[in-house]
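Report on the structure given below.
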Amino acid sequence: MIFVAATVFVFAAHLYPAPPPISHDAVLVDRQYSLTLYVTGAAFVLAQLGLAWAVLRYRDHGQKARFVRGNVALEIVWTSVTLLAFVGLGILGRDAWAGARFTPAAPDAIQIEVTTNQFVYTFRYPGPDGKFGRLDPSLVSAPAGNPLGIDPNDPAGRDDIVLASLTVPVNHPIELLVRSQDVIHNFFVRELRLQQDAVPGMLIPVHFAADRIGTYDIVCTQLCGLGHYKMHSLLNVVSQSDYDAFLKRQALVQ
Ligand SMILES: [Cu+2]
């Protein structure tokens, strides 16, 4: 009972609160997470109370042991309750997960490519022409200043903006195109409650709209090699005017 109380306390007292959510989808995820915790927490406490009751009620006070084959009615009841809880939570969680993942990004979403490799993130903006240049894996060379292997012969790629951190305007839909050059990595921003694996050979789209200006950590949550622990970048959510200025500045530099 002490362990049960301690476990309930750790969750109920919010000892390790998540950072405040910065998108509508993140709020939905939080709501779903709390609901799941309440349902499974109640089941946990009830099951432990039942266990304690059985231990006390049937403890050894000299009676003869009795063989029981089980109780079909009880089996049906707890199997159905479990089924209902799991399927119910799954259906209720639709908005928080499937709603964001299975609907395409808004048509006016800003597309930014996210490339992962051991152990860095590289972000590419299509530049003033709005088009990403062609990539050629044989041209990939970080020392030569072309970590993505952008083909210099493709005019669409000449104005592409390549950066080590991600800057986006606040309250604007963003579509990330997540890819990997070597092993499986991950793009995770706690405040967005958004976590997406980067898988070699795949271009995986995810979208979000951040509603709070600030700087947030981007971390890799896949054990991707010896340098995994330091695979990190920053998400800067800035005002629309700051974003426009940022793009203009970057277009001049590149
Ligand atoms: Cu990684």
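Each value in this text was obtained by applying a stated rule to the coordinates, not by laboratory testing. Computed from a prediction, not measured in an experiment: that's the story for all the values here. Here the Cβ positions follow ideal geometry from the backbone for every residue, glycine too, while neighbour counts run over all protein chains shown.
Quick notes
- Loop-located chymotrypsin sites (Phe, Trp or Tyr not before Pro) across segment 30-85 with a Cβ neighbour count of 10 or fewer within 10 Å are F67, with loop assigned by DSSP.
- Spatial separation of Cα centroids for segment 139-186 and segment 42-77, in angstrom: 60
- To the nearest ten degrees, helix 2-12 and the longest principal axis of the Cα atoms of the chain are 40 degrees apart.
- Rounded if a/c under 1.5, otherwise prolate or oblate - segment 111-156, Cα gyration tensor axes: oblate
- For A210, distant residues with modelled amide H under 5 Å away: N171, H172
- Summarising the amide proton neighbourhood of Y121: residues at separation of 5 or more, or on other chains, whose placed amide H is nearer than 5 Å comprise H232.
- Taking the longest Cα principal axis of the chain as reference, the axis of helix 72-92 is set at about 20 degrees.
- Sum of -39500 (n - 2.57) over DSSP H runs of 4+, divided by residues of the chain (222 nm, nearest 500): -11000 deg cm²/dmol
- By the count of neighbouring beta-carbon atoms within 10 Å, fewest first, I184, I112 end up ordered I184, I112.
- Based on the Stokes-Einstein relation at 4 °C and a viscosity of 1.567 mPa s, and on the Kirkwood radius from alpha carbon pairs, the chain is assigned a translational diffusion coefficient of 59 µm²/s.
- Residues in segment 109-125 carry Karplus couplings, in order, of 4, 7, 8, 9, 8, 10, 10, 10, 7, 5, 9, 9, 9, 10, 10, 10, 9 Hz; the curve used is 6.51 cos²θ - 1.76 cosθ + 1.60 with θ = phi - 60°, and Gly or Pro positions show x.
- Couplings 3J(HN,Hα) for segment 234-240, derived from phi with the Karplus relation 6.51 cos²θ - 1.76 cosθ + 1.60 (θ = phi - 60°), are 10, 9, 9, 9, 10, 5, 4 Hz, where x marks Gly and Pro.
- Across the chain, Cα pairs under 8 Å and at least six residues apart give a relative contact order of 20 percent.
- Within the shell of other residues whose beta carbon sits under 15 angstrom from the beta carbon of D95, the net charge comes to +2, with Lys and Arg scored +1 and Asp and Glu -1.
- Farthest positive-ward along segment 139-246 dipole, Cα basis, beta-carbon charges - from G201, F188, A156: F188
- Judged by the ratio a/c of the largest to the smallest principal axis of the C-alpha gyration tensor, segment 185-237 counts as oblate, that ratio being 1.5 or greater while a/b is no larger than b/c.
- Loop-located chymotrypsin sites (Phe, Trp or Tyr not before Pro) in segment 94-138 whose Cβ has at most 15 other Cβ within 10 Å (DSSP): W97, F102
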